[in-house]
1. Mind listing whichever residues of segment 13-22 are open to solvent by less than 10 Å² (accessible area, probe 1.4 Å) and either touching a His at 6+ places or on another chain (Cβ under 9 Å) or hydrophobic (A, V, I, L, M, F, W, C) (or both)?
2. Note down all Cβ pairs under 8 Å where the first residue falls in segment 9-20 and is among the small types (G, A, S), the second is in a loop (DSSP other than H, G, I, E, B), and they're at least six residues apart or on different chains.
3. Which count do you get for residues in segment 34-48 that are among the aliphatic types (A, V, I, L, M) and either under 16 Å from the mean Cα position of the chain (by Cα) or over 21 Å from T107 (Cβ atoms) (or both)?
4. Restricting the search to segment 157-200, which residues are open to solvent by 20 Å² or more (accessible area, probe 1.4 Å) and in a loop (DSSP other than H, G, I, E, B)?
5. With respect to V129, is the statement that it is of a type outside the set (G, A, S), open to solvent by less than 40 Å² (accessible area, probe 1.4 Å) and in contact with a Phe, Trp or Tyr (Cβ under 7 Å, 6 or more places away or on another chain) true?
6. Which ones in segment 135-156 are assigned to a loop (DSSP other than H, G, I, E, B) and at pLDDT 80 or above?
7. Name the residue that is farthest from S78 (Cα to Cα), counting only residues in segment 26-63 that are in contact with a Gly (Cβ under 7 Å, 6 or more places away or on another chain) and aliphatic (A, V, I, L, M).
Amino acid sequence: MSALDLVQLGLIQATVATHDLAATAALARRELGLPKGFPDPELDAWGIANEVLTLGRTYLEIVAPASETSPLHRFLASGEGGYVVALRVPDTAGLTARAEKEGVRITHQQDFQGATITQLHPRELGVLVEADEIPPGKEWHYDDWETPGSPGTPLDLLAVDIAVDRPEETAKLWARLFGAERTTEGVRVGDGLVRFVPVADRRGLVAADLRGAPHETGGAREFSLAGVTLRLIPGLIGGATGKENT
(Lines give C-alpha, C1' and ligand atoms only; values in the text may rest on other atoms or scores of the structure.)
Protein backbone atom coordinates (compact mmCIF):
# COMPACT_ATOMS: atom_id res chain seq x y z
CA MET A 1 0.00 0.00 0.00
CA SER A 2 1.47 3.34 -1.04
CA ALA A 3 1.41 6.50 1.09
CA LEU A 4 -1.27 7.95 -1.19
CA ASP A 5 -3.58 4.99 -0.51
CA LEU A 6 -3.89 6.46 2.99
CA VAL A 7 -5.42 9.92 2.65
CA GLN A 8 -3.50 12.24 4.96
CA LEU A 9 -4.12 15.66 6.43
CA GLY A 10 -2.30 18.32 4.43
CA LEU A 11 -2.01 22.05 3.69
CA ILE A 12 -2.54 22.22 -0.06
CA GLN A 13 -3.58 25.66 -1.29
CA ALA A 14 -3.83 29.31 -0.32
CA THR A 15 -6.19 31.66 -2.17
CA VAL A 16 -6.01 35.45 -2.42
CA ALA A 17 -8.83 37.65 -3.69
CA THR A 18 -8.21 40.68 -5.88
CA HIS A 19 -10.08 43.20 -8.03
CA ASP A 20 -7.67 42.67 -10.96
CA LEU A 21 -6.91 39.03 -11.73
CA ALA A 22 -4.56 39.66 -14.65
CA ALA A 23 -2.35 42.18 -12.85
CA THR A 24 -2.19 40.23 -9.58
CA ALA A 25 -1.43 36.92 -11.31
CA ALA A 26 1.28 38.59 -13.40
CA LEU A 27 2.89 39.99 -10.25
CA ALA A 28 2.85 36.57 -8.58
CA ARG A 29 4.37 34.86 -11.61
CA ARG A 30 7.07 37.49 -11.93
CA GLU A 31 8.07 37.40 -8.26
CA LEU A 32 7.96 33.60 -8.04
CA GLY A 33 9.44 32.84 -11.45
CA LEU A 34 6.43 30.77 -12.53
CA PRO A 35 4.75 30.15 -15.89
CA LYS A 36 1.14 31.08 -16.50
CA GLY A 37 -1.22 29.05 -14.35
CA PHE A 38 -4.52 27.39 -15.17
CA PRO A 39 -8.20 28.09 -14.41
CA ASP A 40 -10.58 25.97 -12.36
CA PRO A 41 -13.75 26.08 -14.48
CA GLU A 42 -15.89 24.91 -11.55
CA LEU A 43 -15.75 28.48 -10.20
CA ASP A 44 -17.59 29.86 -13.23
CA ALA A 45 -20.91 28.94 -11.64
CA TRP A 46 -20.03 31.12 -8.63
CA GLY A 47 -19.19 34.15 -10.74
CA ILE A 48 -15.49 33.81 -9.92
CA ALA A 49 -12.52 33.97 -12.30
CA ASN A 50 -9.26 32.44 -11.17
CA GLU A 51 -5.73 31.39 -11.96
CA VAL A 52 -4.04 28.55 -10.10
CA LEU A 53 -0.23 28.58 -9.89
CA THR A 54 1.61 25.30 -9.37
CA LEU A 55 4.19 25.63 -6.61
CA GLY A 56 5.33 22.00 -6.52
CA ARG A 57 2.96 19.71 -4.65
CA THR A 58 0.93 22.71 -3.46
CA TYR A 59 -0.81 25.66 -5.10
CA LEU A 60 -1.40 29.40 -4.94
CA GLU A 61 -4.76 30.53 -6.30
CA ILE A 62 -5.76 34.05 -7.28
CA VAL A 63 -9.47 34.86 -7.62
CA ALA A 64 -11.48 37.87 -8.78
CA PRO A 65 -15.17 38.63 -9.44
CA ALA A 66 -16.43 37.59 -12.86
CA SER A 67 -20.03 38.79 -12.49
CA GLU A 68 -22.08 41.33 -10.59
CA THR A 69 -23.47 38.57 -8.37
CA SER A 70 -20.08 37.14 -7.41
CA PRO A 71 -19.74 36.51 -3.64
CA LEU A 72 -16.29 38.07 -3.88
CA HIS A 73 -17.78 41.57 -4.09
CA ARG A 74 -18.82 41.39 -0.45
CA PHE A 75 -15.38 40.15 0.60
CA LEU A 76 -13.55 42.77 -1.46
CA ALA A 77 -15.65 45.60 -0.04
CA SER A 78 -13.16 45.68 2.85
CA GLY A 79 -10.13 45.35 0.58
CA GLU A 80 -8.11 42.69 -1.18
CA GLY A 81 -6.71 39.88 0.92
CA GLY A 82 -6.43 36.20 1.74
CA TYR A 83 -9.67 34.42 0.94
CA VAL A 84 -9.38 30.64 1.43
CA VAL A 85 -7.06 28.07 2.98
CA ALA A 86 -7.53 24.62 1.46
CA LEU A 87 -6.73 21.39 3.29
CA ARG A 88 -6.76 17.72 2.36
CA VAL A 89 -8.57 15.75 5.09
CA PRO A 90 -8.80 11.99 5.61
CA ASP A 91 -12.44 11.70 6.70
CA THR A 92 -15.29 14.03 5.79
CA ALA A 93 -17.80 12.20 7.97
CA GLY A 94 -15.63 12.59 11.04
CA LEU A 95 -14.94 16.23 10.24
CA THR A 96 -18.66 16.94 9.80
CA ALA A 97 -19.44 15.35 13.15
CA ARG A 98 -16.72 17.32 14.92
CA ALA A 99 -17.83 20.56 13.24
CA GLU A 100 -21.36 20.02 14.55
CA LYS A 101 -20.03 19.31 18.04
CA GLU A 102 -17.78 22.41 18.00
CA GLY A 103 -20.43 24.71 16.55
CA VAL A 104 -18.46 25.31 13.33
CA ARG A 105 -20.81 26.01 10.46
CA ILE A 106 -20.54 24.13 7.18
CA THR A 107 -21.37 26.57 4.41
CA HIS A 108 -21.12 24.21 1.43
CA GLN A 109 -20.62 20.51 0.77
CA GLN A 110 -20.58 18.63 -2.52
CA ASP A 111 -19.12 15.63 -4.32
CA PHE A 112 -16.74 16.49 -7.14
CA GLN A 113 -15.06 13.88 -9.32
CA GLY A 114 -14.88 11.38 -6.48
CA ALA A 115 -13.81 13.93 -3.86
CA THR A 116 -15.96 15.41 -1.10
CA ILE A 117 -15.60 19.18 -0.82
CA THR A 118 -16.50 20.82 2.50
CA GLN A 119 -16.33 24.55 3.16
CA LEU A 120 -16.31 25.83 6.75
CA HIS A 121 -17.42 29.28 7.87
CA PRO A 122 -14.66 31.84 8.51
CA ARG A 123 -16.30 33.28 11.62
CA GLU A 124 -15.25 30.34 13.78
CA LEU A 125 -11.97 29.44 12.08
CA GLY A 126 -10.64 32.88 11.17
CA VAL A 127 -10.70 32.20 7.41
CA LEU A 128 -12.89 30.34 4.94
CA VAL A 129 -11.53 26.79 5.01
CA GLU A 130 -12.03 24.27 2.24
CA ALA A 131 -11.44 20.78 3.61
CA ASP A 132 -11.54 18.13 0.89
CA GLU A 133 -11.46 14.36 1.17
CA ILE A 134 -9.53 13.22 -1.89
CA PRO A 135 -9.90 9.68 -3.30
CA PRO A 136 -7.08 7.25 -2.42
CA GLY A 137 -4.23 7.40 -4.92
CA LYS A 138 -4.49 11.19 -5.46
CA GLU A 139 -2.99 14.16 -3.67
CA TRP A 140 -5.33 16.87 -4.94
CA HIS A 141 -7.98 17.66 -7.55
CA TYR A 142 -5.47 18.75 -10.18
CA ASP A 143 -3.40 15.53 -10.23
CA ASP A 144 -4.89 14.34 -13.52
CA TRP A 145 -5.65 17.75 -15.04
CA GLU A 146 -3.59 19.13 -17.89
CA THR A 147 -1.71 21.85 -16.06
CA PRO A 148 1.67 23.60 -16.25
CA GLY A 149 4.31 21.48 -14.53
CA SER A 150 6.03 22.27 -11.27
CA PRO A 151 8.73 24.96 -11.31
CA GLY A 152 12.31 23.77 -11.75
CA THR A 153 12.90 24.41 -8.06
CA PRO A 154 9.62 23.59 -6.29
CA LEU A 155 8.45 26.42 -4.07
CA ASP A 156 5.67 24.76 -2.09
CA LEU A 157 3.40 26.19 0.56
CA LEU A 158 4.96 25.70 3.99
CA ALA A 159 2.85 27.79 6.37
CA VAL A 160 0.05 30.34 6.58
CA ASP A 161 -0.67 33.10 9.10
CA ILE A 162 -4.29 33.71 10.07
CA ALA A 163 -5.13 36.89 12.00
CA VAL A 164 -7.84 36.32 14.61
CA ASP A 165 -9.12 37.97 17.77
CA ARG A 166 -8.25 35.00 20.00
CA PRO A 167 -5.22 33.17 18.60
CA GLU A 168 -4.88 30.66 21.44
CA GLU A 169 -8.54 29.60 21.41
CA THR A 170 -8.65 29.41 17.62
CA ALA A 171 -5.54 27.21 17.52
CA LYS A 172 -7.14 24.82 20.02
CA LEU A 173 -10.32 24.68 17.92
CA TRP A 174 -8.38 23.89 14.73
CA ALA A 175 -6.45 21.13 16.48
CA ARG A 176 -9.64 19.51 17.78
CA LEU A 177 -11.56 19.95 14.54
CA PHE A 178 -8.91 18.53 12.20
CA GLY A 179 -7.30 16.07 14.61
CA ALA A 180 -4.05 17.99 14.20
CA GLU A 181 -1.01 18.46 16.42
CA ARG A 182 -0.82 21.77 18.25
CA THR A 183 2.67 23.06 19.00
CA THR A 184 4.23 26.28 20.25
CA GLU A 185 4.47 27.36 16.59
CA GLY A 186 0.84 26.77 15.66
CA VAL A 187 -1.13 23.81 14.34
CA ARG A 188 0.61 21.18 12.23
CA VAL A 189 -1.45 20.24 9.17
CA GLY A 190 0.50 17.36 7.73
CA ASP A 191 3.82 18.84 6.61
CA GLY A 192 2.35 22.35 6.73
CA LEU A 193 1.88 24.79 9.58
CA VAL A 194 -1.06 27.07 10.39
CA ARG A 195 -0.13 29.97 12.68
CA PHE A 196 -2.57 32.26 14.44
CA VAL A 197 -1.61 35.89 14.99
CA PRO A 198 -3.38 38.87 16.59
CA VAL A 199 -5.43 41.07 14.30
CA ALA A 200 -3.60 44.16 13.08
CA ASP A 201 -4.97 45.69 9.87
CA ARG A 202 -7.39 42.92 8.91
CA ARG A 203 -8.59 39.45 9.86
CA GLY A 204 -8.11 36.23 7.95
CA LEU A 205 -5.25 34.93 5.84
CA VAL A 206 -2.58 37.63 6.04
CA ALA A 207 0.69 35.86 5.18
CA ALA A 208 2.17 32.64 3.81
CA ASP A 209 5.62 31.05 3.78
CA LEU A 210 6.85 29.40 0.60
CA ARG A 211 9.98 27.37 0.15
CA GLY A 212 12.07 29.46 -2.22
CA ALA A 213 15.45 30.59 -3.45
CA PRO A 214 17.29 32.87 -1.01
CA HIS A 215 17.56 36.61 -1.39
CA GLU A 216 20.89 37.88 -2.71
CA THR A 217 21.85 38.51 0.92
CA GLY A 218 21.38 34.81 1.63
CA GLY A 219 18.21 35.24 3.69
CA ALA A 220 14.47 35.20 3.11
CA ARG A 221 12.69 37.69 0.90
CA GLU A 222 9.07 38.74 0.78
CA PHE A 223 6.54 40.66 -1.26
CA SER A 224 2.90 41.67 -0.95
CA LEU A 225 0.27 40.04 -3.17
CA ALA A 226 -3.24 41.51 -2.94
CA GLY A 227 -2.71 42.37 0.70
CA VAL A 228 -1.12 39.03 1.64
CA THR A 229 2.57 38.91 2.56
CA LEU A 230 4.37 36.07 0.78
CA ARG A 231 7.70 35.09 2.32
CA LEU A 232 10.18 32.98 0.36
CA ILE A 233 12.11 30.95 2.92
CA PRO A 234 15.30 29.17 1.83
CA GLY A 235 15.09 25.45 2.58
CA LEU A 236 12.57 23.92 4.94
CA ILE A 237 11.00 25.31 8.06
CA GLY A 238 12.04 23.64 11.28
CA GLY A 239 10.20 20.71 12.80
CA ALA A 240 7.40 21.09 15.27
CA THR A 241 8.44 21.58 18.84
CA GLY A 242 6.79 22.20 22.14
CA LYS A 243 3.73 20.01 21.75
CA GLU A 244 0.81 21.16 23.84
CA ASN A 245 -2.40 19.59 24.92
CA THR A 246 -5.42 20.19 22.71
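The values are calculated or read from the model by the stated rules, or taken from the named source; none is laboratory data. Model, not experiment: these values are computed from the prediction. Neighbour counts run over all protein chains shown; Cβ positions are idealised from the backbone, glycine included. Keep in mind that these areas ignore ligands, DNA and RNA; they rest on the heavy atoms of the full protein, side chains included. Shrake-Rupley method; radii C 1.70, N 1.55, O 1.52, S 1.80 Å.
1. A14, V16, A17
2. G10/E139; G10/G190; G10/D191; A17/E80; A17/A226
3. 1
4. D165, R166, G179, T184, E185, G190, D191, V199, A200
5. For V129, the condition - of a type outside the set (G, A, S), open to solvent by less than 40 Å² (accessible area, probe 1.4 Å) and in contact with a Phe, Trp or Tyr (Cβ under 7 Å, 6 or more places away or on another chain) - is not met.
6. P135, P136, G137, K138, E139, W140, W145, L155, D156
7. Taking the candidates together, the pick is L53.
Here is a yes/no grid of residues against (1) closer than 25 Å to R123 by Cα; (2) hydrophobic (A, V, I, L, M, F, W, C); (3) open to solvent by 10 Å² or more (accessible area, probe 1.4 Å); (4) in contact with a strand residue (DSSP E or B) (Cβ under 8 Å, 6 or more places away or on another chain):
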residue: T24; (1), (2), (3), (4): no, no, yes, yes
residue: A28; (1), (2), (3), (4): no, yes, no, yes
residue: A45; (1), (2), (3), (4): yes, yes, yes, no
residue: V52; (1), (2), (3), (4): no, yes, no, yes
residue: E68; (1), (2), (3), (4): yes, no, yes, no
residue: G79; (1), (2), (3), (4): yes, no, yes, no
